[in-house]
Amino acid sequence: MGTNGKVRHIKKFMGGRMTPEEVHSKYAFPPGARCECCKSSKLSVRAITLAPFSDVMSHSKMFGMLDPVTVAQMIVQIKGSDGRPIPYVRIGIVYACKQCVPVLERFLAKLPSWVIVEINRPPKPIPVITSG
């Protein structure tokens, strides 16, 4: 109820047809993407791993043998502490369903400290408002 004792009507997200989490799961991921653990198509989280270009070049001899266009598509400029862009290489993209997110988070926590991880999570659920 509102402050004056009258019923307050609240507009529902997408008319109540879908929750924000369901919309994120349906539209935030590319077609054909699957969970790495259970191969489910109901995804919840995406994790992108990035490593400094210089480290990747020094540790991976195969990287230098790739097509230059492919390598250019994998490079991302990230602003350093001094404000100048530093080239990073997109190492991988991993998807996980809601049940497999803890497994993914444990795996990401074990990565080296020089690897950057970008995690795309769904929005928090809308709280249910009741009056009583």
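Of the residues contained in the range 50-69, one or more are found to be at pLDDT 80 or above, small (Gly, Ala, Ser), more than 23 Å from PRO125 (Cα to Cα) and buried (at least 16 other Cβ atoms within 10 Å of the Cβ). At least 1 residues being among the aromatic types (Phe, Trp, Tyr), closer than 30 Å to THR19 by Cβ and without any contact (Cβ under 8 Å) to a residue 24 or more places away in the chain is the threshold, and among the helices (runs of 4 or more DSSP H) wholly inside the range 29-117 those reaching it are 101-109.
The values are calculated or read from the model by the stated rules, or taken from the named source; none is laboratory data. These numbers come from a predicted model, not from an experiment. Here the Cβ is made from the backbone with ideal geometry for all residues, glycine too, and neighbour counts use every protein chain on show.
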